[in-house]
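Student: One structure coming up, written as structure tokens, with questions to follow.
Since every read-out is calculated from the coordinates, none of them should be taken as a lab result. Since the model is a prediction, treat every value here as computed from it, not as a measurement. Here the Cβ positions follow ideal geometry from the backbone for every residue, glycine too, while neighbour counts run over all protein chains shown.
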Amino acid sequence: MTALRLSVAQLARLAELGQAAWPREACALLVGHADGDALQVTEVVLANNISTDPDREFELDPAVHFATLRRLRDDPARTNSIIGHWHSHPNGRDAPSAKDAAMVSDPGLVWLISAVHDGRALAPRAFRAISQETGFAFLPLTIEQQD
Ligand SMILES: [Zn+2]
């Protein structure tokens, strides 16, 4: 997998969510499936950031996580799964922070991150957490926009 494919509408929604939550971090689950060499996002599921320090970190609402897992499991087609998550970095970098790196527990998940500077969201960047001998590393993914 080298690319993450999102629609223009999904990218616009993420920008809106990041801007609405600013100066706090916003977060969402990414649902989708593998399609050739890309990961196709089919759904962005907004989740409350339940962190006690939401200006500096995020914690996805586990109720939304479980409800999404259940819904995908009950779908007879079973086409999609949770492929990763998105969160915003208010006035931060568009790359995983040291705190993010410490949070990785599930290698293979996509980390999509939008920097939001002074309430304006920049284009997100995507990474995939991979397991290495020394711990976890983030491999950049190309973002493919589709209509
Ligand atoms: Zn972060």
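Student: Got a sec to turn the phi values of region 82-94 into Karplus ³J(HN,Hα) couplings, 6.51 cos²θ - 1.76 cosθ + 1.60 with θ = phi - 60°, whole Hz, x for Gly and Pro?
Tutor: My calculation for region 82-94 gives 6, 9, x, 8, 10, 8, 9, 10, x, 6, x, 8, 8 Hz in order.
Student: Report Rg/Rh for the chain, rounded to two decimals, where Rg is the Cα radius of gyration and Rh the Kirkwood radius.
Tutor: My calculation puts Rg/Rh at 0.94.
Student: Using a Gaussian network model of the chain with C-alpha springs under 10 Å, which one of Ile82, Ile130, Ile113 is most mobile by mean-square fluctuation?
Tutor: Highest fluctuation of the listed residues: Ile130.
Student: Helix-only mean residue ellipticity at 222 nm, the chain, DSSP H runs n ≥ 4 weighted -39,500 (n - 2.57), per residue, nearest 500. What is it? Mind dumping the intermediate values first?
Tutor: Working: 3 runs with 33 residues, N = 147.
After summing the helix terms and dividing by residue count, I get -7000 deg cm²/dmol.
Student: Taking Cα pairs under 8 Å and at least six residues apart, what relative contact order does the chain come out at, in percent?
Tutor: Across the chain, relative contact order equals 28 percent.
Student: Using DSSP, restrict attention to beta bridges with both residues in the chain and report what percent are antiparallel, rounded to the nearest 5.
Tutor: Bridges in the chain are about 65 percent antiparallel.
Student: By the scheme Lys and Arg +1, Asp and Glu -1, what is the net charge of all other residues having a beta-carbon under 15 Å from that of Leu69?
Tutor: -1
Student: Taking 22 Å as R0, compute the FRET efficiency from the Cβ-Cβ separation of Gln19 and Asp55 and round it to 0.05.
Tutor: 0.90
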